[in-house]
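Notes to accompany the following structure.
The values are calculated or read from the model by the stated rules, or taken from the named source; none is laboratory data. No experiment lies behind these values; they were computed from the predicted model shown. Cβ placement follows ideal geometry from the backbone for every residue including glycine, while neighbour counts extend to all protein chains displayed. Quick note on the areas: whole protein, heavy atoms, side chains included, nothing else; ligands and nucleic acids left out. Shrake-Rupley method; radii C 1.70, N 1.55, O 1.52, S 1.80 Å.
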Amino acid sequence: MKDTITLAGIEAVIAGSGVGEAIDQMLPAAVRGRQLRAGTLLAGKMLALANGRPAHLTRAHQALTGLPEHDQKRLGVIEDWKDGPHQLTYRQVEHTSRLVKTALAKPDPDGAPSAVLLRLCSQLIEASIPGQFKNASNSLAADWTDVEAWSRPVPADKPGTGTDPEARWGHRNVNRKISQGEMFFGYYMSAAVMVADENGEPVPELARRITVASSSNDPAAALAAVLADMAADGVGPGDILADSGYSHRVPDTWAEPLRSAGADLVQDLHPNDRGPRGTHQGAIICNGNLYCPATPGPLPALVPLPPGAPAADAAAHDQKTAELARHKLGLHAGEDADGYRRHACPAAAGKIRCPLRPASMTLDRSRPEILTPPEHPQACCTQETITAGPDVAARTRQKHDYPSRAWRISYRRRTAAERLNASIKDTAVNCIDQGWIRQMGLTPLLLWLACLMVVRNQRALAAFQARQQHDARAAAQPRTRKRRRELAGAPAGPP
């Protein structure tokens, strides 16, 4: 897979993003000119990562000086000085890297990247997505992972000290329960990965956006801001698939910004958010929807099926969620500009039979019937429609009914984000464990991670194309199977 990443491909990504020129314009002018340009430095980093090496400046310097001589001259690694050809030194690499860090960092670091750094990293990653896939899908799978800092950890009661004052203590599960997790000193990296749209054609699982923040900043809020900015860049987000770590956040920092950007949420719910959570004008608020107050008790308490559940259990679960959907208040009018929407009684919508709605009792008996309607009906039972504001089920409202079959099938796509995290922690390729980077601060870390995403995207694209070609060849070959007796030369028996 390493051979699929070439210098020409890396240069095409850097040139298409315009990041190299933008950084060069931000750097202070040099007295006798700068031999190492920002684009060449980025290329050296990507070449080092493509060879499976850690994110060390010495590795980037070795990658550049190890290129063929004509490439070194073209990139400025070798230049003609007064006393003859001069090859790039490590000191020049280190000096230029320090200038880039100063230009892209915040004047007062606070554990979050600067706006210009985020924009340049987004441009760099977006340029690594081929044109035929830019609009192939707008669905994104989101997840975050831990990135340990290189600096020595500081006591928890002395934040903002040490050689990396932006790093903080955070918690990671390490494939275990939250109560069995462990602490680490560093940052959280959040990533959004392309996945196929519902009923859409397959697409390569390419990283589209990333961000890094210390644990003093909410990683969900940091990623929501980056995804919301995608709409301004002409890449409107579609389905956003996230686990309960994102959905349990305050709606103002996760759900509402994404809904305002036009995204549809497909997310798992935290156990504290599942099931009935109060009422609104008599209707039960449950899993992001409004339900009839006479809904049978076991139905709102349904939880998602565990992975690998037998087919019989899945069929029974789907039947129960379908019955629960019949008791859901129908959407009479979608959200207006202020987030208000109108809902209608399920009996008035013809989904169930209820004595409080005499017209519904003429429906066939295949529909569920409310045998004991409320003694004192509230607005949801007496009015034609009720109005729900943006604060009703703001955190749990999503595209599909939770935990229905449609939600389960759609949510399965989120594993693409977990595969990205697994790929960047694979010790056989690029493992971002402690020691992977030996520079302090968030700015060089995010820049290195953006380069890693470009390299990882090229690997994922090559693997996707190879898989597509293999499937096309397999589909083109006729599949003829003969009996073993025929292959052995014996006469075929009776059919």
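Based on the Cα gyration tensor of region 338-383, what are the three equivalent ellipsoid semi-axes, each the root of five times an eigenvalue, rounded to whole Å and given largest first?
21, 14, 8
Excluding ligands and nucleic acids, what accessible area in Å² is computed for Glu201 using a 1.4 Å probe, to the nearest 10?
That residue has around 150 Å² of solvent-accessible surface.
Would you mind checking region 285-328 for residues with the amide N under 14 Å from a putative spin-label position 7 Å along Cα→C-beta of Gln378?
Inside the label zone: 285-286, 290-295.
Which value in nm describes the separation of the simple spin-label points at Lys320 and Asp471, placed 7 Å from the Cα toward the beta carbon?
For Lys320 paired with Asp471, the spin-label model returns 3.4 nm.
Accessible surface of Cys345 in the full protein assembly, 1.4 angstrom probe, to the nearest 10 Å²?
Using a 1.4 Å probe on the heavy atoms, I get roughly 10 Å².
What percent of all Cα-Cα pairs in region 368-440 falls into each 10 Å bin, going from 0 up to the bin containing the maximum distance?
Percent of Cα pairs in each bin: 13, 20, 24, 18, 11, 8, 6.
How far is helix 90-104 tilted, in degrees, relative to the longest principal axis of the Cα atoms in the chain, given as a value from 0 to 90 rounded to the nearest 10?
Tilt of helix 90-104: around 40 degrees.
Kindly report the accessible area of the chain per residue (heavy atoms of protein chains, probe 1.4 Å, no ligands, DNA or RNA), in Å².
49
Between region 48-117 and region 247-291, what's the alpha-carbon centroid distance in Å?
Centre-to-centre (Cα) distance: 46 Å.
On a 0 to 90 degree scale, rounded to 10, what angle separates helix 311-326 from the longest Cα axis of the chain?
Roughly 70 degrees between the two axes.
For the residue pair Asp338 and Asp252, what label-to-label distance in nm results when each label sits 7 Å from Cα along the Cα-to-beta-carbon direction?
So the label points at Asp338 and Asp252 sit 1.8 nm apart.
Quick check on region 196-252: what are the equivalent-ellipsoid semi-axes from the Cα gyration tensor, as sqrt(5λ), descending, whole Å?
Semi-axis lengths for region 196-252 are 23, 14, 12 Å.
In square nanometres, what is the average projected area of the Cα convex hull of the chain?
34.4
Calculate, axis by axis, the spread of Cα positions in region 365-487 along the three principal axes, and write the results as whole Å, longest axis first.
Result, largest extent first: 70, 67, 21 Å.
So, with a 1.4 angstrom probe, what is the percent of accessible area on region 246-356 that is carbon and sulfur?
54
Kindly state, to the nearest 0.05, the FRET efficiency for Arg365 paired with Asn272, given R0 = 41 Å and r defined as their beta-carbon distance.
FRET efficiency, Arg365 to Asn272: 0.60.
Cα-Cα over 29 Å: which of Lys106/Lys134; Lys73/Lys134; Lys351/Lys399?
Lys106/Lys134; Lys73/Lys134
Using a simple charge model, +1 on the beta-carbon of Lys and Arg, -1 on the beta-carbon of Asp and Glu, nothing else, what dipole does the chain show about its Cα centre, in debye to the nearest 20?
Once rounded to the nearest 20, the dipole reads 1540 debye.
Quick one: compute a quarter of the convex hull surface over the Cα atoms of region 98-201 and quote it in nm².
Result: 9.7 nm².
Separation between the His95 and Phe464 pseudo-spin-labels, each 7 Å from Cα along Cα→Cβ, expressed in nm?
4.2
Enter the angle in degrees (range 0 to 90, nearest 10) between the Cα long axis of helix 219-232 and the first principal axis of the Cα atoms of the chain, meaning the one along which they spread out most.
90
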